[in-house]
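Taking it in order: structure first as structure tokens, then the write-up.
The values are calculated or read from the model by the stated rules, or taken from the named source; none is laboratory data. What you see is a predicted model, and the numbers here were worked out from it, not measured in a lab. We place every Cβ from the backbone using ideal geometry, glycine too, and count neighbours over all the protein chains shown. Just so you know, the surface numbers come from the protein's heavy atoms only, side chains and all, with ligands and any DNA or RNA stripped out. Shrake-Rupley method; radii C 1.70, N 1.55, O 1.52, S 1.80 Å.
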Amino acid sequence: MIPPPTNIGSKARRSEARARGKLRGIGIANPIEIAGGPVASPNPEFARVEISPAGKIRIHVGSMDSGQGHGTAFRQIIADRLGLDTEDMEIVTGDTHEVPRGTGTFGSRTLAAAGGAIWAAADTIIERLKEHATARLEAHRSEIVFEHGIYRVDGRNRAVSFAQIMAEQAGPVSAETFVSNEGATFPNGCHICEVEVDPETGHVELVAYSVVDDVGHMVNPLLVKGQITGGVAQGLGQALMENAVYDPHSGQLLSATFMDYAMPRAADMPGVEVVGYPVPTKQNPLGVKGAGEAGTVGALSAVMSAVSDALRPFGVRHLDMPVTPDRIWRCLKTQPVKEPSA
């Protein structure tokens, strides 16, 4: 089937879908959430950074990467701050002998909390080596400025890299921190979803999905896009299909395996358009806000609103998640017969 043009207004797209026997609806959600809280007492995180004279780095951190790409972001923080190669970095997590304490990965806190701790440890090392840079540059300590891996004399064309200063050390340099950020962050954004419903079967198809999200400074925009797209997929699953079904007589769970419990697949997802609108926060030195749940919190209401909008001409005013084809079909059959208008 040839998809309808996207350069026409929503009313025209609705009419075009009606001509094909489909009900088209649009949903808009403007979510805002709290991340890294609670506000009054944010949880601290541990980090230790060890650097050898050859530039080899071990980053010990109390939050673990379980597929979100935190290890990549941690490396980028050190690379951007100290001007060192990410390939010479090793991330150490989940080993209580090597990492004596930590708070963990939850609540979209990791990059702000663990990233902030890594930044603080790097800052300690920068300050520790500033005396060496001062001697090398023949300047007063107060004149030394550090930016992107370079010690330089403010106002003069004299500089030396962090790597050069580190190479002159007699042995490894390390620093560790267990710090809290100033407070929680509040990622926010806008989700717009369009669906088409087949009134004969109740099947819902997502035909377009766009997200504009403010998750603060994006250390790695590609990882952010992946996080948000994955969150949209999770919200889509909860809104349209994921359901724990029990036998009404015995109480036996009937959807106990993935043969019976529906989850979204690639064919259920449209190409999600994700646009960043970063407004850095002042709650942590990186300016980052949480991104872990950013896709899901907007997807639930955006998808449900789009389905409700598609069925609105039929007088449908309420549907519970998940809006399975069966629920939609039964709902349409029980509504008074109306001629839907555009």
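Scanning region 136-165 for residues that are at pLDDT below 95 and small (Gly, Ala, Ser) turns up Ala139, Ser142, Gly155.
Within region 151-169, the residues that satisfy the criterion of being closer than 28 Å to Glu50 by Cβ and not aromatic (Phe, Trp, Tyr) are Arg152, Ala159, Val160, Ser161, Ala163, Gln164, Ile165, Met166, Ala167, Glu168, Gln169.
Would you tally the residues in region 272-318 being buried (at least 18 other Cβ atoms within 10 Å of the Cβ), closer than 27 Å to Asn220 by Cβ and among the charged types (D, E, K, R)? Total satisfying the criteria: 2. Might you check whether a residue that is buried (at least 16 other Cβ atoms within 10 Å of the Cβ), in contact (Cβ under 8 Å) with a residue 60 or more places away in the chain, in contact with a Pro (Cβ under 9 Å, 6 or more places away or on another chain) and of a type in the set (Ser, Thr, Tyr) occurs anywhere in region 227-237? No, region 227-237 has no match at all.
Among the residues examined, Val215 does not qualify as surrounded by 19 or more Cβ atoms within 10 Å (Cβ to Cβ) and within 21 Å of Pro325 (Cβ to Cβ). Residues in region 178-212 that are open to solvent by less than 40 Å² (accessible area, probe 1.4 Å), assigned to a strand (DSSP E or B) and charged (D, E, K, R) were compared, and the one that is nearest to Ala121 (Cα to Cα) is Glu194. Would you confirm whether any residue within region 252-263 is of a type outside the set (Gly, Ala, Ser), in a strand (DSSP E or B) and either at negative phi or more than 20 Å from the chain's Cα centre (by Cα) (or both)? Yes, region 252-263 has at least one match. Pairing each residue of region 127-156 that is over 16 Å from Val173 (Cβ atoms) with any residue that is open to solvent by 30 Å² or more (accessible area, probe 1.4 Å) and of a type in the set (A, V, I, L, M, F, W, C), provided the two are 6+ apart or on different chains, yields C-beta distances under 7 Å for Ile150/Ala159; Arg152/Val145; Arg152/Ala159; Asp154/Val145.
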